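One structure is given here, and the rest of the page talks about it.
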Amino acid sequence: MKKLSCFIAICCLLLAPLARAKADPEVINSIRDQGFNHSQVMQTLQHLTDKIGPRLTNSPEMREASRWTMERLQSWGLSNAHQEAFVFGRGWSYEKAGIDLLTPRKTSLHGIPLAWTPGTAGVLEADVVYLDAVNEAELQKYRGKLKSKVVMLNEPLDAEEPKRDLSKRYTAAELAEMKNFDLKAGASEADAPQDSIAQRQRMYRFSLEREEFLKTEQVSGALFRSSWDGGLIRVMGQNHRVGKTFPVPALMLSVEQYNLLARLLDSGVTPRISFSVEARFHDEDVNTHNTLAEITGAGVNPEIVMLGAHLDSWHGATGGVDNAAGVAVTMEAIRILKAIKLQPRRTIRLGLWSSEEQGLNGSTAYVEQHFATRPKPSDPKERDWSPWLWSSPGWPISKLKDHDLLSAYFNVDNGSGRIRGISTQGNAAARAIFAEWFGQVTDLSDGTITNNGSFSTDHVSFDRVGLPGFQFIQDPLDYGTRLHHTHVDSFDHAIAEDMKQAAVVLATLVYNAAMAEARLPRKPLPVEPTAAEKELEKKKAEKRTRSRDRKALTELSDPAK
């Protein structure tokens, strides 16, 4: 009998971490009632897009968005609503821009300034030149030939066949396929291959050389080409750091209009254009801010469940689905939980991040301030570069005091489509738990759970330091065909029913995570690769480089090419 009692006790200890509190059916009903019958999600979305507008990091509009969201969260009764600063760089905004073709014929073109590039002193006229150079030696061919010219800095792009699926939802077959684990890709965002990092660093060093060349040669302006056709202008920015500003005014053109200029040059005609940009830098404060607010958990120093989205956007449109939609959904989810007077076991904390578009900077800064740090590169040049250019992510990971308190972070940043499931980011132990939680919303969501990873959004900042960070599977709609970073990303493309569904599903999962008996399971803490693993990666990188070179030689020797 004594042995049996010991066996039962040991089993209880082993199974205790897996125990989960049952959801209160009345709470589930209250979440739905508040989310469907009293929703404020579209009002939040409209204020961010129509009234505040583009939210480029450290711009006046982004500062206004940070202030407004904080005050809005306070008005809903959330606790500890505040902003947390981190160093970013220059603020920038523009009021208007214009570009016209003067010769060989007159017509108006459409150009959007690149962020953090200077304006013009009035209207300028200049001939257009294509700067065809990918290294320092090729730049020298243009020495003394570019003064007062406008230079085209991208290759022309052949227009694609029209996309058949302008807007789509995932099919049952596609969702079923997502459940299969990709053994080749793995599930966590692995460190970039060394050959890829080396190529990035080469291109970055050349871009700095090219900028200095443009300045020395007294170029009047620069033209860049959008990466999508169909008249869509995908905007971007240049360096936002103090002392690193791009030297000349720069505009992004659509593929079709950029190609027009290129074809004229190829035919022996030099296009002449007029252009103007009214832009300004905001250097009064190099800090930008994350916005935080919470529903405080029970007891002293409770564990934490986080949800979040990035508040910043690009400047070509109003950032409707990237990512005002994610902000509105996460704000609505925590509003719902506060409105039903939930008293959670764990603190439920919302993070609205700044500078996601420049490299997950806001969420990374928050993680470094609260959860874990990694060493910066020893090379002073690399330390001044963006992390995506670093040779190593920095080892070892040093945990801070709140690292053990975080149960989960849920991120929303895949457009405005409804939630169809979740990526565990390789956290296979969480799969059964999510299956149970999604079971409460089977009439709203398929509950597809994949152990494959989802990358390039703010949950990665948590995953990189061994914390459970998750991104949802959402219907793509037209996010990846005409909205992502383009000049038409506006309120119009968000569907109210999808937004309400996403907020209710998110609130349900956050509720479960906040009330569970145990925090969500974790993956092993990432560790530095061994010398043998590094050597193996080096050999793989060399093999990939040789393979690319052999392919290039084959194409050169093939008469059909």
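The values are calculated or read from the model by the stated rules, or taken from the named source; none is laboratory data. Since the structure is predicted, the reported quantities are computational estimates derived from the model, not experimental observations. Backbone-built Cβ (ideal geometry, glycine too); neighbour counts: all protein chains shown.
Points to keep in mind about this one:
Each row is one residue, and each column tells you yes or no for (1) under 18 Å from the mean Cα position of the chain (by Cα); (2) not assigned by TED's automatic domain parsing to the domain that holds Trp353.
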| position | (1), (2) |
| --- | --- |
| Lys399 | no, no |
| His403 | no, no |
| Leu406 | no, no |
| Phe410 | yes, no |
| Arg418 | no, no |
| Ile422 | yes, no |
| Gly426 | no, no |
| Thr442 | no, yes |
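- Evaluating Val412 against the criteria (1) touching a strand residue (DSSP E or B) at 6+ places or on another chain (Cβ under 8 Å); (2) surrounded by fewer than 21 Cβ atoms within 10 Å (Cβ to Cβ) leaves one unmet condition, (2).
This table checks each residue for (1) touching a strand residue (DSSP E or B) at 6+ places or on another chain (Cβ under 6 Å); (2) modelled with pLDDT of 55 or more.
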site	(1), (2)
Phe7	no, no
Leu15	no, no
Asn29	no, yes
Gln34	no, yes
Ser39	no, yes
Gln43	no, yes
His47	no, yes
Arg55	no, yes
Asn58	yes, yes
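- Verdict on Ala309 being surrounded by 17 or more Cβ atoms within 10 Å (Cβ to Cβ) and either in a loop (DSSP other than H, G, I, E, B) or outside the structural domain of Lys500 (by TED's automatic domain parsing) (or both): no
- Some residue of the range 121-137 being closer than 30 Å to Asp312 by Cα and out of contact with any Lys or Arg (no Cβ under 7 Å at 6 or more places or on another chain): yes
- Highlighted here are the helices (runs of 4 or more DSSP H) found entirely within the range 25-89 that include at least 1 residues which are under 23 Å from Gly319 (Cβ atoms): 41-46, 60-75.
- Answer residue from the range 510-556, given it is among the acidic types (Asp, Glu) and assigned to a helix (DSSP H, G or I) and is surrounded by the most Cβ atoms within 10 Å (Cβ to Cβ) among those: Glu537
- Residues of the range 432-468 that are farther than 27 Å from Leu400 by Cα, in contact with a strand residue (DSSP E or B) (Cβ under 8 Å, 6 or more places away or on another chain), outside any loop (DSSP other than H, G, I, E, B) and not hydroxyl-bearing (Ser, Thr, Tyr): Phe434, Ala435, Phe438, Ile449.
- Among the residues making up the range 266-285, a single one is surrounded by 17 or more Cβ atoms within 10 Å (Cβ to Cβ) and either more than 35 Å from the chain's Cα centre (by Cα) or part of a loop (DSSP other than H, G, I, E, B) (or both): Pro271.
- Residues located in the range 540-561, provided they are farther than 20 Å from Arg200 by Cβ and either of a type in the set (A, V, I, L, M, F, W, C) or at pLDDT 80 or above (or both): Leu553, Leu556, Ala560
- Residues of the range 376-420 that are at positive phi and either touching a Ser or Thr at 6+ places or on another chain (Cβ under 9 Å) or assigned to a strand (DSSP E or B) (or both): Gly394 alone.
- Evaluation of Ala222 against (1) closer than 21 Å to Ala262 by Cα; (2) surrounded by fewer than 17 Cβ atoms within 10 Å (Cβ to Cβ) (one fails), failing number: (2)
Rundown of residues vs (1) touching a residue at least 12 places away in the same chain (Cβ under 8 Å); (2) among the aliphatic types (A, V, I, L, M), yes/no style:
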site: Gly111; (1), (2): yes, no
site: Thr117; (1), (2): yes, no
site: Glu138; (1), (2): no, no
site: Glu160; (1), (2): yes, no
site: Leu183; (1), (2): no, yes
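- Lone unmet requirement of (1) touching a strand residue (DSSP E or B) at 6+ places or on another chain (Cβ under 7 Å); (2) under 22 Å from Asn414 (Cβ atoms); (3) surrounded by fewer than 24 Cβ atoms within 10 Å (Cβ to Cβ) for Thr364: (1)
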